[in-house]
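Some notes on the structure that comes next.
The values are calculated or read from the model by the stated rules, or taken from the named source; none is laboratory data. From a predicted model like this one, the values you see are computed outputs, not experimental measurements. Glycine gets a Cβ as well: all are built from the backbone with ideal geometry, and neighbour counts include every protein chain shown.
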Amino acid sequence: MRLWFGERMNQTAAPDRIAYMDAAAGTVVGLDYKRRLVASLDVLPGQTVVDIGCGPGTDLARLADAVGEAGSVVGVDQDPRMLDEARRRLAHRPNVELLLGDVHELPLPDGSIDRAKVDRVLQHVADPAKAVREVRRALRPGGLFGMAEPDWDTLAVADEDLDTSRRFARFVAGQVRNPTLGRELVRLCLQAGYRIRSVEPVAALFRDFDTADQILGLRRNAARAAQAGVLSEADAEPWLQRLAHGPVLAGFTFYVVIADS
């Protein structure tokens, strides 16, 4: 237990959020699904687009390019630290506005936006149904709402010890407030009065240990699971050793949904 747990049992804190978001966005998986999400939103010059849960501004420049000088992009986040970082990164973008706010009560007038997007946000909120309704309130008739959310119940890590892989996956899913939100997007949108334009499952697949460890927290979450009694160190140690030496195949399903108000 010395290699993985002897040195790491106390290293179970979540990574810095900004660093983690940047890392996830820079992976092949992150670049792919973000491209699909923004492309599916069909953003046009002159439109007003809101990025809800914009974080450190990861997608704001891409949206600002799409709306052009005649359009505007609004980034909303409830974390002042995220907004400070986004302001630093987007200071040269006059068509980007940043607002402190919550998805349950957006700081936007009724019918004021043409496009809205959320990316890995609704999985964490207290009331996803209310959030989806609130976005519809702010959208103009015919406006589009783009969502990208994971289904953590689909997480799978390939290893000969299937039981440990399953227990690890269940533990990770249990750390998320709304772990199956991805599969629930269509239902929530229909209940809120949207029409569904498209649904696309996207496989988030990782083939190297370092990337899988960074995004899925293989070592960190295995240590947490061991502390919680979900995994035994006797099982987790060889499981991690095998993954570290490869081959690695780990992933889950994202759902990218576009809804019409």
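Answer with yes or no whether F209 is surrounded by 17 or more Cβ atoms within 10 Å (Cβ to Cβ) and touching a His at 6+ places or on another chain (Cβ under 9 Å). Lay out the reasoning, then the answer.
Values: surrounded by 17 or more Cβ atoms within 10 Å (Cβ to Cβ): yes; touching a His at 6+ places or on another chain (Cβ under 9 Å): yes.
So F209 passes the test.
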Within segment 234-257, which residues are touching a residue at least 40 places away in the same chain (Cβ under 8 Å), in contact with a Phe, Trp or Tyr (Cβ under 7 Å, 6 or more places away or on another chain) and not in a helix (DSSP H, G or I)? V248, A250, G251, F252, F254, V256
Which of the residues belonging to segment 140-162 are out of contact with any helix residue (DSSP H, G or I) (no Cβ under 6 Å at 6 or more places or on another chain), in contact (Cβ under 8 Å) with a residue 12 or more places away in the chain and outside any strand (DSSP E or B)? A158, E160
Residues being buried (at least 23 other Cβ atoms within 10 Å of the Cβ) and either farther than 21 Å from L37 by Cβ or of a type in the set (S, T, Y) (or both) - total across segment 130-163: 1
Looking only at segment 220-233, count how many residues are without any contact (Cβ under 8 Å) to a residue 60 or more places away in the chain and not polar (S, T, N, Q). 3
Tell me, which residue of segment 112-129 that is assigned to a loop (DSSP other than H, G, I, E, B) and in contact with a helix residue (DSSP H, G or I) (Cβ under 7 Å, 6 or more places away or on another chain) is surrounded by the fewest Cβ atoms within 10 Å (Cβ to Cβ)? S112
Go through the residues of segment 85-107 one by one and say whether even a single one is part of a helix (DSSP H, G or I), more than 21 Å from A138 (Cβ to Cβ) and touching a Lys or Arg at 6+ places or on another chain (Cβ under 9 Å). no
When only residues in segment 58-75 that are surrounded by fewer than 24 Cβ atoms within 10 Å (Cβ to Cβ) and in contact with a Gly (Cβ under 6 Å, 6 or more places away or on another chain) count, which is farthest from E105 (Cα to Cα)? A70
Looking at (1) of a type in the set (G, A, S); (2) surrounded by fewer than 20 Cβ atoms within 10 Å (Cβ to Cβ); (3) touching a residue at least 24 places away in the same chain (Cβ under 8 Å), can you tell me which one A91 breaks? (3)
If you go through segment 247-261 one residue at a time, how many are in contact with a helix residue (DSSP H, G or I) (Cβ under 7 Å, 6 or more places away or on another chain) and either over 24 Å from R170 (Cβ atoms) or among the hydroxyl-bearing types (S, T, Y) (or both)? 7
Checking A225 against (1) in contact with a Lys or Arg (Cβ under 9 Å, 6 or more places away or on another chain); (2) small (G, A, S); (3) exposed (fewer than 14 other Cβ atoms within 10 Å of the Cβ); (4) in a helix (DSSP H, G or I), only one condition comes out false. Which one? (3)
Name every residue in segment 202-219 that is touching a residue at least 12 places away in the same chain (Cβ under 8 Å) and more than 18 Å from the chain's Cα centre (by Cα), in order of residue number. R207, D208, F209, R219
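Only one residue in V73, V43, V50 is at pLDDT 95 or above, within 27 Å of A259 (Cα to Cα), assigned to a loop (DSSP other than H, G, I, E, B) and in contact with a strand residue (DSSP E or B) (Cβ under 8 Å, 6 or more places away or on another chain), so which one is that? Even if it seems obvious, please write down each step before you answer.
Details: V73 fails: assigned to a loop (DSSP other than H, G, I, E, B); V50 fails: assigned to a loop (DSSP other than H, G, I, E, B).
After ruling out the rest, the residue left standing is V43.
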